[in-house]
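The values are calculated or read from the model by the stated rules, or taken from the named source; none is laboratory data. Keep in mind the model is a prediction, meaning the values are calculated, not measured. Here the Cβ positions follow ideal geometry from the backbone for every residue, glycine too, while neighbour counts run over all protein chains shown. For the accessible areas, the whole protein counts, side chains as well, though only heavy atoms, and no ligand, DNA or RNA atoms are used. Shrake-Rupley method; radii C 1.70, N 1.55, O 1.52, S 1.80 Å.
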Amino acid sequence: MTDKLTTRRKLLVGIGATSTIALAGCTDGDGNGNGTTEPDTDTEPDTDTDTETDTDTETDTDTETDTDTEQARLRVAHMSPNAPNVDVYVNGDAVLEDVPFGDVSDYLTVPAAEHEIEITAAGDPDTSVFSGPVTVAADTDYTVAAIGELGDDADQPFEPLVLEDDNSAVEGDQSRLRVVHASPDAPAVDVTAAGGDTVLFDGVQYGESGYVEVAAGDYTVEIRGDTDDNDGDVVADFDVSLDGGTVYTAFAAGYLTPDDEPADVPFDLLVGQDSTQ
């Protein structure tokens, strides 16, 4: 690890979302209700052939077509430091356009199913940098993070990292924080606070992520080289404010040593608000 980049910066919590277009994804399903026509057992021999055919036979076919297909939510994060702005397609439809590095989109509502995701250079649909299936389950939130690098000499290959998000309720005096290691030239890291007295995450490798719940408040978050005692050199620190009842994701992204890399994108901790109660 290197201490070239021991910086201290105040992050504005919440990353500006890029253009989003919600997907229309409802399919029709049949809901059949069986109306029971109770036979009138009161068979008085009323010779009056009053055969009221009771057209009111509640055939209650209840043709309520259940148009509510099971849904999921999906968003995209651009965390590839040497990739250009990108467009994102789902099943051939453009849903996000001109997304720059560091941005996280709003959630898109999609049917719970397998979807074909394609990422291209912005404005150039013929320049595909990724194409492949992503399966999402009902009533679940996902983040698809574009991580790694473009090019033959990449430290880490460009790929989508599919993360299942935990946006469940958080106590009012607590915050839920997730860290995602997306820095392609950084080794495993420990993430601490309070000068190392509080260990938030231990030994996070590139491409790994995890959640922790902490008391709401202001923190100085330290990124350290991974050691057994979580006391490695601090390569960067960041001031972060966490509100109660709120879920956040922090992407450790960019280059630890940008001078040696294909793009001048320094290491940063990009903190976004995922949900609030």
Residues within region 239-277 that are more than 21 Å from the chain's Cα centre (by Cα) and within 18 Å of MET79 (Cα to Cα), tallied: 11
So ALA138, is it under 30 Å from ALA94 (Cβ atoms), loosely packed, with under 15 Cβ neighbours inside 10 Å and touching a residue at least 12 places away in the same chain (Cβ under 8 Å): yes
Residues of region 198-257 satisfying the condition of being of a type in the set (Asp, Glu) and more than 22 Å from ASP155 (Cβ to Cβ): ASP202, GLU213, ASP218, GLU222, ASP228, ASP229, ASP231, ASP237, ASP239, ASP243
Flag for VAL234 being touching a residue at least 40 places away in the same chain (Cβ under 8 Å) and open to solvent by 10 Å² or more (accessible area, probe 1.4 Å): yes
Among the candidates ALA263, ALA253, residue that is closer than 20 Å to PRO81 by Cα, hydrophobic (A, V, I, L, M, F, W, C) and surrounded by fewer than 21 Cβ atoms within 10 Å (Cβ to Cβ): ALA263
All positions within region 162-198 that are acidic (Asp, Glu) and in a loop (DSSP other than H, G, I, E, B): ASP166, GLU171, ASP173, ASP185, ASP197
Residues that are open to solvent by less than 70 Å² (accessible area, probe 1.4 Å) and charged (D, E, K, R), drawn from region 141-180: ASP141, GLU149, ASP165, ASP166, ARG176, ARG178
Test for SER183: is it open to solvent by less than 10 Å² (accessible area, probe 1.4 Å) and of a type in the set (Gly, Ala, Ser): yes
Unique residue being in contact with a helix residue (DSSP H, G or I) (Cβ under 9 Å, 6 or more places away or on another chain) and surrounded by 15 or more Cβ atoms within 10 Å (Cβ to Cβ) when the list is GLU222, GLU208: GLU222
Residue within region 73-86 that is assigned to a strand (DSSP E or B), open to solvent by less than 60 Å² (accessible area, probe 1.4 Å) and among the hydroxyl-bearing types (Ser, Thr, Tyr) present: no
Residue tally, condition at pLDDT 95 or above and part of a loop (DSSP other than H, G, I, E, B), over region 124-142: 5
Filtered residues of region 95-112 (kept if part of a loop (DSSP other than H, G, I, E, B) and closer than 14 Å to THR143 by Cα): GLY102, ASP103, SER105, ASP106, TYR107
